[in-house]
Amino acid sequence: MSLDRRENPGLSKDEFRNLYRNIMGDTKTQVNIRQAYTILNCTGKHVTSAHLIEQWRYLDEKISVSRLNDIYEKADELEVDSTGYAKAAKTKTLKPEEILNAVKEGSLIDKQYLEIVLKDFTNDNGCVDIGALLDVAAQSKVEIVNKLLGPKVEEDESFELKVRGCMTVYPKVQCISYTIDVDQPTFCELILRLADNSDVPTDRFNNDLFLVVYNRDHKLIGLTRHVLESRKYSTGMITINRGDEVMIVGMGTTMNRKSSTTERATLIEENNKLSKRFKYTLMNIFDSFDVDLDGLLNKQEMNFYTVASGDSELTDQDWAVYLNSFENRDGCLTMGGFIKIHEVEATDPEGNATADLWHSLHCLGYDTQLSSIYGCSYDIEAHTSRPIGMLPRLQYVVKEHRSFILENLYRLGEEDDRFEIRPHLFKTEYFGLLIARKEDHFSKQTYRILLSSRQHLKINFPHQVDHLIRLADSDSQWVLIASYTVTDPDAQLEYTLEKVESASSSKSPSLARA
């Protein structure tokens, strides 16, 4: 008998998902490393415990069916040829305790269940009949592996929380972020989804946002690496604690568009009524700041809107006036009340209403045609092992945030030693970042990035002139050379870095502007 992998062409994606479903009950349930080991061995591929443990260092505590399928397709298989198999089958001198002692500490094999299995194959001489064990394993691999790894792990009780947020990337980078409120360390999967907003142009912000979770020491806990479906991304299973922060980051890969026309859409009609188009925009803005998704704006949510649109903090007196003057329910503003506030502002006797409204829209990322080209809204789903809270706040994304995020991703990325600055490429299923460290002996150097291909990639270069990277211009130790998103999961960033000599760079007008 031969267990050569050439006789086993492997499972298709559909076959793998079907096997996964048969073992786990569905394909939505994520698996831990023991469950993954069971499934991989049930596929007929002989993957060692040590191999999977080595791979798991780079993964989350639980992974999805698609991630496990990726491991399955790329995993090296333990090959046993016919000669090796025949030799093993004739072995009849191994004691059960010798086999049990050979199981290394930290192995995925449960020694208790292995001991039970071996009893069934121990002969009168107290030795294990390896041939009989291998024959049964070959006939019913799924059954034997499940015995070795113990009973099926039951699904834990789960809880779900959903919140909304919004962000603007210009003129200021600001977003609604969250602080985790939980009593003890908790398993959690966070899912980021772009919310529906008719003001945001088609494909704007697609694959361009990612969610990060970090602790009080600015250590990265997790980020959205995986694509669940279009415009929906997952962190996988991570462990969160009280005080951990959740923030949204934009990469700017969908920002390269022509400027909008200088002709402005009508906000206020001649009769001092709001235009129909502007009312639709106000409805979208209302939805964007409805953090708890209850269809109302409470004081905190209204304050987020007020500050984000360039005004001062909302006072208790301001809030009392709103509730006394405009439609509200349960101490919160309704959408009708929110629109009415702007209708009243449109009748400003000093005639500043239109200018004030455009200033607010500009701060929220709108162009002159009421298209939200620099702003979007998003939903976050938290699937957890116990109830949690997510406390919102309006946050400006500043240099310190960018710096520690780049540092964390630099350390997680793969070093490219082809170039003297040895940049690190951090990749996920839908985006990547090429990051360099500004060291003293390279801090005054300038480089140009040259792309072999742009196929299936959307790329943003922070230094927009001739793709130049001048390390001295960076305001931190960590330099983002390029960020990119993929329109095909198999797309790769292929590039070279070319040093720009100082003599030529001093003569180059474009370099002087970089």
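Going by the conditions given, is N271 out of contact with any helix residue (DSSP H, G or I) (no Cβ under 6 Å at 6 or more places or on another chain), in a loop (DSSP other than H, G, I, E, B) and not small (G, A, S)?
yes
Just the residues that are open to solvent by 40 Å² or more (accessible area, probe 1.4 Å) and in contact with a Lys or Arg (Cβ under 6 Å, 6 or more places away or on another chain), please, taken from segment 284-307.
L293
To keep it simple, each residue is scored yes or no on (1) of a type in the set (A, V, I, L, M, F, W, C); (2) modelled with pLDDT of 75 or more.
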{"residue": "G10", "(1), (2)": "no, no"}
{"residue": "K13", "(1), (2)": "no, yes"}
{"residue": "Y20", "(1), (2)": "no, yes"}
{"residue": "M24", "(1), (2)": "yes, no"}
{"residue": "K28", "(1), (2)": "no, no"}
{"residue": "Q35", "(1), (2)": "no, yes"}
{"residue": "I39", "(1), (2)": "yes, yes"}
{"residue": "H46", "(1), (2)": "no, no"}
{"residue": "S49", "(1), (2)": "no, no"}
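Identify the residue in segment 207-222 that is assigned to a loop (DSSP other than H, G, I, E, B) and open to solvent by 20 Å² or more (accessible area, probe 1.4 Å) and, among all such residues, is nearest to F159 (Cα to Cα).
N215
Please verify whether I481 is open to solvent by less than 70 Å² (accessible area, probe 1.4 Å), closer than 30 Å to L161 by Cα and under 23 Å from the mean Cα position of the chain (by Cα), treating the condition exactly as stated.
So I481 does not fit the description; no.
(1) touching a Phe, Trp or Tyr at 6+ places or on another chain (Cβ under 8 Å); (2) buried (at least 16 other Cβ atoms within 10 Å of the Cβ): which one isn't true of R204, the others all being true?
(1)
Taking the criterion of being within 31 Å of the chain's Cα centre (by Cα) and modelled with pLDDT of 95 or more, would at least one residue in segment 267-280 satisfy it?
For segment 267-280, residues within 31 Å of the chain's Cα centre (by Cα) and modelled with pLDDT of 95 or more: present.
For segment 314-332, indicate whether the set of residues that are under 29 Å from the mean Cα position of the chain (by Cα) and part of a helix (DSSP H, G or I) is non-empty.
Checked segment 314-332: no residue is under 29 Å from the mean Cα position of the chain (by Cα) and part of a helix (DSSP H, G or I).
Counting residues that are over 11 Å from S483 (Cβ atoms), which strands (runs of 3 or more DSSP E) fully inside segment 422-463 reach at least 1?
424-427, 431-437, 446-451
Looking at T368, T354 in this structure, which one is polar (S, T, N, Q) and assigned to a loop (DSSP other than H, G, I, E, B)?
Among T368, T354, only T368 is polar (S, T, N, Q) and assigned to a loop (DSSP other than H, G, I, E, B).
Being touching a residue at least 60 places away in the same chain (Cβ under 8 Å), open to solvent by 50 Å² or more (accessible area, probe 1.4 Å) and of a type in the set (A, V, I, L, M): is that true of V173 here?
Yes; evaluated as a whole, the condition is true for this residue.
The values are calculated or read from the model by the stated rules, or taken from the named source; none is laboratory data. Nothing here was measured: the structure is a model prediction, and the numbers come from that model. So basically every Cβ, Gly included, is an ideal-geometry build from the backbone, and we count neighbours across all protein chains shown. Heads up: the accessible areas ignore ligands, DNA and RNA and are worked out on the full protein's heavy atoms, side chains in. Shrake-Rupley method; radii C 1.70, N 1.55, O 1.52, S 1.80 Å.
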